[in-house]
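The values are calculated or read from the model by the stated rules, or taken from the named source; none is laboratory data. Model, not experiment: these values are computed from the prediction. The accessibility values were calculated without ligands, DNA or RNA, using every heavy atom of the protein model including side chains. Shrake-Rupley method; radii C 1.70, N 1.55, O 1.52, S 1.80 Å.
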Amino acid sequence: MEAQQAQGLLETQPLHETDEETVVDVDFTSIISEEEKEELKIELAKLEDEISTLRQVLVAKEKHLAELKQKLGISLMNELKQNFSKSWHDMQTTSAYKKTHETLSHAGQKATAAISNVGTAISKRFGDMRNSPTFKSFEEKVETTVTSLKTKVGGTNHSGGSFEDVLSSAAHASAQSSIASPQLPENKEELQC
């Protein structure tokens, strides 16, 4: 039976996923000798000491770095600004950013052209509308109304002055009529006189 187990260990067939999990679960302490265990323990202790030393060196270096930054006046905010500026610059130099920028720029130009075309179309349409018979009829009605107002406000004055002139003359006439009219007494004493 031991011969079959030994032969099974020596088989050269590829491992399957389930076989790999089995290999991980093997207890290596029974396979290695006591001498190898001692060597591994010594190596483990050395690695732990090296890691501890490296941590102490790292802490000392970080402390020294902080002191230098403080002496140079480099604050956390300045560092963040520098990092942001560098990151922004790096991002702007990427091909994806350049392509996106070009695409958006092109889209902006097309949108501007489209808006310009709409504005031109509206202007043309408004011009066409002003030349239409309906608009001319409306314009004539407004002119007739303004002329009639001028006649009513200005009285018999048909001098053809501007609307502002007519309004100012009406205001002047109104002011003169209030001056010419007799003043009413303001209190009871003046009434009894």
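So if the hydrodynamic radius of region 99-151 is defined as the Kirkwood radius over C-alpha pairs, what does Stokes-Einstein give as its diffusion coefficient at 37 °C and 0.692 mPa s, in µm² per second?
Once the numbers are plugged in, D ends up at 229 µm²/s.
Just the number please: accessible area per residue for region 32-93, 1.4 Å probe, all protein chains included, in Å².
Result: 95 Å² per residue.
Report, ordered by chain and residue number, the lysines lying within cross-link reach of K69, taken as a straight Cα distance under 18 Å and ignoring same-chain residues fewer than 8 apart.
K61, K81
Please report, as a whole percent, how much of the solvent-accessible surface of region 32-93 comes from carbon and sulfur atoms (probe radius 1.4 Å).
61 percent
What Kirkwood radius, in Å to one decimal, follows from the Cα pairs of region 32-93?
So the Kirkwood estimate lands at 15.5 Å.
Given just the C-alpha atoms of region 62-143, how large is their convex hull per residue in cubic angstrom?
167 Å³
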